[in-house]
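Participant: Quick one: structure below, then a few questions.
The values are calculated or read from the model by the stated rules, or taken from the named source; none is laboratory data. What you see is a predicted model, and the numbers here were worked out from it, not measured in a lab. Heads up, the Cβs are rebuilt from the backbone with ideal geometry, glycines too, and the neighbour counts pull from every protein chain shown.
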Amino acid sequence: MPLRKNQTLMNERVYNQSPDKLRSPDRTNRLQVDVVVQRCLHDVQVKTLLDIGTGSALFAEAFKKAGVSVSGVDINSDMIDAAKRHVPGSEFLVAPAEALPFADGSFDSTFFGVVLHEVSESVKALSEAHRVARCCTFILEWQYKHEEFGPPLEHRLTEKHIRALSLSAGYRSFTATPLGTLVLYKLYK
């Protein structure tokens, strides 16, 4: 069966390279993993966190090192296998962001690490993150500008768009903090 136009676009937006490439030193430095985790945990009490679109669990591993109990989901089973290798003892499941297999309020917080631009139904994904989080959601995304790395501009999300998504999903407050080539958004219930 041929792909529909929106399926083709989604295949272009979803990361489809090896899990090991997600952990390259250049990419890890560019994502400022430790800075992101510090900023997320700075003004909020987070003991449990769900890493949505966890990939190879780069951020989940950093949150765990910071004392947070982490779980993660990803639609790619190879990524889940890598996540389990890098963060043993944590729960990682194959699941889409739009249908999280957890009860309401299962986690203090949820996290999207440069993945929200890849989901097929962003309002539904953010609504699911809101549903399973007791406190807040963190979103790390690329700045909306042309760059030689990261996704092309047409796949990036503007701050205005993320703010609108957060309101649609039921969040009451929103902050955006620029971090080099990235922006960290904090959404509170």
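Participant: Quick check on the stretch 160-180: of everything there that is part of a helix (DSSP H, G or I) and touching an Asp or Glu at 6+ places or on another chain (Cβ under 9 Å), which residue is surrounded by the most Cβ atoms within 10 Å (Cβ to Cβ)?
Facilitator: For the stretch 160-180, the residue satisfying everything is ILE162.
Participant: List the helices (runs of 4 or more DSSP H) that sit entirely inside the stretch 19-111 and contain at least 3 residues that are farther than 19 Å from THR137 by Cβ.
Facilitator: 25-31, 77-86
Participant: Here's another thing I want to ask about it. Would it be correct to say that TYR188 is over 23 Å from VAL70 (Cβ atoms) and aromatic (Phe, Trp, Tyr)? Can you show your working first?
Facilitator: On the way: over 23 Å from VAL70 (Cβ atoms): no; aromatic (Phe, Trp, Tyr): yes.
The answer is no for TYR188.
Participant: Restricting to the stretch 57-84, what's the tally of residues that are surrounded by fewer than 18 Cβ atoms within 10 Å (Cβ to Cβ) and within 25 Å of HIS42 (Cβ to Cβ)?
Facilitator: Looking only at that region, the number is 4.
Participant: With LYS84, LYS160, LYS124, LYS145 as the choices, which residue is of a type in the set (Lys, Arg) and closer than 22 Å to LEU58 by Cα?
Facilitator: Exactly one residue qualifies, and that residue is LYS84.
Participant: A follow-up question, please. Can you pull out the residues in the stretch 84-100 that are of a type in the set (Gly, Ala, Ser), in contact with a strand residue (DSSP E or B) (Cβ under 9 Å, 6 or more places away or on another chain) and farther than 22 Å from SER122 by Cβ?
Facilitator: Result: SER90, single match.
Participant: Quick check on my filter: what residues within the stretch 117-143 are touching a residue at least 60 places away in the same chain (Cβ under 8 Å) and in contact with a His (Cβ under 9 Å, 6 or more places away or on another chain)?
Facilitator: Matches in the stretch 117-143: HIS117, GLU118.
Participant: Suppose we filter VAL183, VAL87 for residues that are closer than 20 Å to ARG27 by Cβ, surrounded by 14 or more Cβ atoms within 10 Å (Cβ to Cβ) and touching a Lys or Arg at 6+ places or on another chain (Cβ under 7 Å); which single one remains? First the steps, then the outcome.
Facilitator: On the way: VAL183 fails: touching a Lys or Arg at 6+ places or on another chain (Cβ under 7 Å).
When all the criteria are applied, what remains is VAL87.
Participant: Quick one: in the stretch 92-140, of everything that is among the acidic types (Asp, Glu) and under 12 Å from ILE52 (Cα atoms), which residue is surrounded by the most Cβ atoms within 10 Å (Cβ to Cβ)? If you could, list the steps in order and put the result at the bottom.
Facilitator: The initial filter retains those residues of the stretch 92-140 that are among the acidic types (Asp, Glu), namely 98, 104, 108, 118, 121, 128.
Now narrow it down to the ones that are under 12 Å from ILE52 (Cα atoms): 98, 118, 128.
Working: GLU98: 17, GLU118: 19, GLU128: 25.
Result: GLU128.
Participant: Here is a follow-up. With the requirement that a residue be of a type in the set (A, V, I, L, M) and not in a strand (DSSP E or B), what does the stretch 112-146 give you?
Facilitator: Within the stretch 112-146, VAL114, VAL115, LEU116, VAL119, VAL123, ALA125, LEU126, ALA129, VAL132 qualify.
Participant: Scan the stretch 29-49 residue by residue and report those that are in contact with a helix residue (DSSP H, G or I) (Cβ under 8 Å, 6 or more places away or on another chain) and either under 13 Å from PHE149 (Cα atoms) or of a type in the set (Phe, Trp, Tyr) (or both).
Facilitator: If the condition is that a residue be in contact with a helix residue (DSSP H, G or I) (Cβ under 8 Å, 6 or more places away or on another chain) and either under 13 Å from PHE149 (Cα atoms) or of a type in the set (Phe, Trp, Tyr) (or both), then LEU31 is the only one that fits.
Participant: Still on this structure, I have one more. In the stretch 1-26, which residue that is under 18 Å from the mean Cα position of the chain (by Cα) and either among the hydrophobic types (A, V, I, L, M, F, W, C) or at pLDDT 80 or above (or both) is surrounded by the most Cβ atoms within 10 Å (Cβ to Cβ)?
Facilitator: LEU22
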